[in-house]
Each structure stands twice: as structure tokens, then as C-alpha cells.
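Colleague: Just dropping this structure here.
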């Protein structure tokens, strides 16, 4: 069986029925978060049905979807067990304090697979964020980044054509984009980044080898040069079982006004 066939089989749809999806998502999140450990036995169908207040048929649908996605193993006579992840590793943890250097390091230590490469007019949301006019052409490239052969991020970048013409499609498949920008003479000064969540559509699910409808971490970043010009727009989608963002917090204020506040930019000694 070829590699592409394996990827297609790893993609699945959510089980039919609202209740079955609720059970499926609950168990899947517990597995990917590590609350249910590799090799741990799951309760029987009847016990799960009672726990979630649903029928055994509903539980069976949820378990079938989990088994299809490779998250559990069901064997007659031995019950259902959480299936060990192929890589056996832990999610890459990113601290907001040092997020940019860590992302740069990740780009150097992982591999990328180029999915698409083209030049076209900048989409409205990209043009607006980067300060481009409607007629501006941008290079649009979509890549999947892998750690030890396991896909963990789906990245789409938009770069003004006059900058992107300085490197090739092959360069994008082998070299981190920030290096290509600097090699093209861009003097990067700053970036603005936002993080939210979204669900995996069919194409992204296939590329990341997750179920359609899986929760993904969504990261948007606009990079600017020393003159304030937008030089890159990044739309990144990350598997939460392979990647997480961590934020240090500190208690500030006095009395009733005392509260938690992000400790962004503080050293360990300052915290």
C-alpha cells in the first residue's frame, strides 16, 4: 500500500448523530491530551453509555470512529485500549515568551512538503492586513511541516511578488521562509500574531492526517520590514496533539483588584 493511500485512510468523518459526536470528541480530546494514556483500557460500552447518558449504539458509533482514526484498538475478548501514537512523542510546547525564536528553530529542525505554489492577486483579507492595493500580486504557497515524518502544521504564506521572485519553488520546499526573505534583502523588523481555533476541512484534514472536523490551533501572522511594509502573511493550522502554546502568568494588583496577568517578556527571575 502506498504512502498516499495511508494518508487518505487516516482521514475520517465524524460519526453520525449529535450524541455520537459528543462522545467521540470527548474521548478523542482525552486521548490527545494524555488524560487517557497509551495502552489504557477504556470502560465497556455499557459503562460508557451510562456515563454519557446515551445508548450503547451511540457509544459504538463513537468508538468505531475512534478506531478508524487509529486512536483506539478494539479486540474481541480483550476490550478496547488506547492505541499508542506511532511516534511516541510529546507535543511541541511553545512558550509565548519566546515564541518567535522557537518557531524559527522549529523551521530549521523539521521538514516541509510543498503542496501548492502559485502567483495570484492578494485575497482581500491579505491585502488589508499587509497594506497592499487590490491589484497587487502575491506568491501563494501551501506547505505541510513534519516532525519525524508526522505532519503537525499546515502553512499557507502570501509574499509580495517582487520579493518572492528572488527564490524558487524548490527553495520553498527546502529552506525556511524567513531565511529566503532575508536572502532576498528584506530587513525584517516586527510581526503581529494572533491565535484562535478552527475545525479541519477535508483538504487540511487529509494533509494533517486527522479527522474531518478535528479542532486545530489557528495562527495568523503579519511580518513587516523596517519601513513598515508587509512582507509576509502567514495562515498556520496546527494539530493540538502535536503542538501547544503555553503562557506564563503572574499575580498582580492589590486586595480585591488582584488578578492574573500574562508575564510576556519577563525573565524567570522577574517572575
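We did not get these values from a lab; they are worked out from the coordinates using the rules stated. Everything numeric here is computed off the predicted structure, so don't read it as measured data. With ideal geometry, Cβ positions are generated from the backbone for all residues, glycine too; neighbour counts draw on all protein chains shown.
Colleague: Taking the Cβ-Cβ separation of residue 30 and residue 119 as r and a Förster radius of 45 Å, what is the calculated FRET efficiency to the nearest 0.05?
Modeller: 0.50
Colleague: Please arrange 56, 61 by counting, for each residue, the other beta carbons lying within 10 Å of its beta carbon, fewest first.
Modeller: Ranking 56, 61 by Cβ neighbours within 10 Å, fewest first, gives 56, 61.
Colleague: Still on this structure, I have one more. Can you compute the modelled spin-label distance between residue 51 and residue 226, with each label point 7 Å from Cα toward Cβ, in nm?
Modeller: Those two pseudo-labels are separated by 5.9 nm.
Colleague: Let me ask something else. Given contacts defined as C-alpha pairs under 8 Å and at least six residues apart, what's the relative contact order of the range 92-246, whole-number percent?
Modeller: 25 percent
Colleague: If neighbour count is taken as other Cβ atoms inside 10 Å, put 209, 16 in order from fewest to most.
Modeller: Fewest-to-most ranking of 209, 16: 16, 209.
Colleague: Turning to a different aspect of this structure: Per 0.36 nm of contour for each residue apart, how much would the distance between residue 161 and residue 193 grow if the chain were fully extended, relative to their Cα-Cα spacing?
Modeller: Once the chain is fully extended between residue 161 and residue 193, it gains 9.3 nm.
Colleague: Once you have a ≥ b ≥ c as the square roots of the Cα gyration tensor eigenvalues for the range 120-271, tell me rounded if a/c is under 1.5, and otherwise prolate or oblate according to whether a/b is larger than b/c.
Modeller: Here the range 120-271 falls in the oblate category.
Colleague: Sorted from fewest to most neighbouring beta carbons within 10 Å, what does the list 237, 249, 155 look like?
Modeller: 249, 155, 237
Colleague: Contact order normalised by length for the range 3-82, with contacts defined as Cα pairs under 8 Å and 6 or more residues apart; what percent is it?
Modeller: 38 percent.
Colleague: Classify the range 167-225 as rounded, prolate or oblate, taking a ≥ b ≥ c as the square roots of the eigenvalues of its Cα gyration tensor: rounded when a/c is under 1.5, otherwise prolate if a/b is larger than b/c and oblate if not.
Modeller: Cα axes put the range 167-225 in the oblate bin.
Colleague: Give me the distance in nm between label points sitting 7 Å out from Cα along the Cα-to-Cβ direction at residue 203 and residue 22, one decimal.
Modeller: Computed distance between label sites residue 203 and residue 22 equals 3.4 nm.
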